[in-house]
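This report concerns only the one structure given below.
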Amino acid sequence: MSEQTWEPAHPPAIEDDLLDPYERLVGIEVLGRQVVVPEKNRLLRCFQFLSLNTISYGDFCWNGECTNCQVWYHTDGQSKANDEPGLACRLEVIEGMKITSLSQSIELDGITK
């Protein structure tokens, strides 16, 4: 059985100015699920790319003050023992990043619900 990567069923209707410019999608893992997201973007914007409504209307300040977007992650080649906390609104996505835990405020269609 081959490992599959999850992509939104339909490309999200996200305004061009919502995401930072990107040329390609990169693979990351969120709670054990492989997904693809736009490179050169903050992780919270990438979550919005995956789940437009739940993140757009979620309780996030987008500037790091509320901490509602806290995640625990490590990079490719490291283990969960190397997890670091970070705020998704401040972290730029890194190809191969593994998100192992999410704040309860983060709901992602097809991943957390």
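The values are calculated or read from the model by the stated rules, or taken from the named source; none is laboratory data. Quantities reported herein were computed from a predicted structural model and do not represent experimental measurements. Heads up, the Cβs are rebuilt from the backbone with ideal geometry, glycines too, and the neighbour counts pull from every protein chain shown. For the accessible areas, the whole protein counts, side chains as well, though only heavy atoms, and no ligand, DNA or RNA atoms are used. Shrake-Rupley method; radii C 1.70, N 1.55, O 1.52, S 1.80 Å.
Summary table
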item	result
Candidate lysines - alpha carbon under 17 Å from Lys98, same-chain residues fewer than 8 apart omitted	Lys40, Lys80
GNM flexibility winner over the chain from Ser56, Ser103, Ser79 (Cα, springs under 10 Å)	Ser79
Bridge type composition, the chain - antiparallel percent by DSSP, nearest 5	85 percent
Charged-residue dipole, Cβ positions (Lys, Arg, Asp, Glu), the chain about Cα centre, Debye nearest 20	280 debye
Solvent exposure of the range 33-113 as accessible area per residue, Å², 1.4 Å probe	50 Å²
